Amino acid sequence: LERQLLMQNQMRERQTAMQIAWTREFLKYFGTFFGLAAVGLTAGAIKKKNPGVLLPIVPLSFIFAYQYDMGYGTLLQRIKGEAENILDTQSTLLELPKGPLTYEDLEKIRRSQSKFFIEK
């Protein structure tokens with residue numbers, strides 16, 4: 001059982017590391033896009049003398065900030081803290097509908113799905 005717990009923890013850590021690495025890689029491409037878009041939109045706003053052209057920068061900056069926080073900031077620590085708070089103070093939110101799944105429930109489902117099962 002201890003080995004299984006260690007293996008599950010290693011898998012979780014690897015998946016989290018992959019998610020952070022993916023976010024950092026995505027941030028490189030999105031950061032380049034955001035920079036080019038900001039320069040282009042600023043040039044367009046100056047050329048057309050219309051500051052409304054800069055409006056797309058607002059949602060793009062929120063996306064950029066979120067991705068940066070996910071890849072290099074403290075977002076994961078804040079999410080972990082909130083998850084621990086939910087586990088400690090609001091555990092009723094985590095209850096499954098109809099309660100936890102039991103062996104008997106699984107057997108009923110298996111029997112109902114089995115075309116070849118014969119009741120004794």
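Go through region 30-63 and report how many residues are within 18 Å of Gln19 (Cβ to Cβ) and either open to solvent by 60 Å² or more (accessible area, probe 1.4 Å) or modelled with pLDDT under 95 (or both).
1
Quick one: Gln113 ticks every box in (1) within 25 Å of Arg12 (Cβ to Cβ); (2) exposed (fewer than 10 other Cβ atoms within 10 Å of the Cβ) bar one, so which box is it?
The number of the failed condition is (1).
Is there any pair linking a residue in region 10-36 that is among the polar types (S, T, N, Q) to one that is open to solvent by less than 90 Å² (accessible area, probe 1.4 Å), with Cβ under 9 Å and at least six apart or on different chains, and which?
Cβ pairs passing all conditions: Thr16/Leu76; Gln19/Met70; Gln19/Leu76; Thr23/Gln67; Thr23/Met70; Thr23/Gly71.
Spot the failing condition for Arg78; the list is (1) touching a Phe, Trp or Tyr at 6+ places or on another chain (Cβ under 7 Å); (2) within 29 Å of Gln15 (Cα to Cα); (3) not hydroxyl-bearing (Ser, Thr, Tyr), and only one is missed.
(1)
The values are calculated or read from the model by the stated rules, or taken from the named source; none is laboratory data. Note that this is a predicted model, so its numbers are computed, not measured. Ideal geometry is used to build each Cβ from the backbone, glycine not excepted, and the neighbour counts take in all protein chains shown. Heads up: the accessible areas ignore ligands, DNA and RNA and are worked out on the full protein's heavy atoms, side chains in. Shrake-Rupley method; radii C 1.70, N 1.55, O 1.52, S 1.80 Å.
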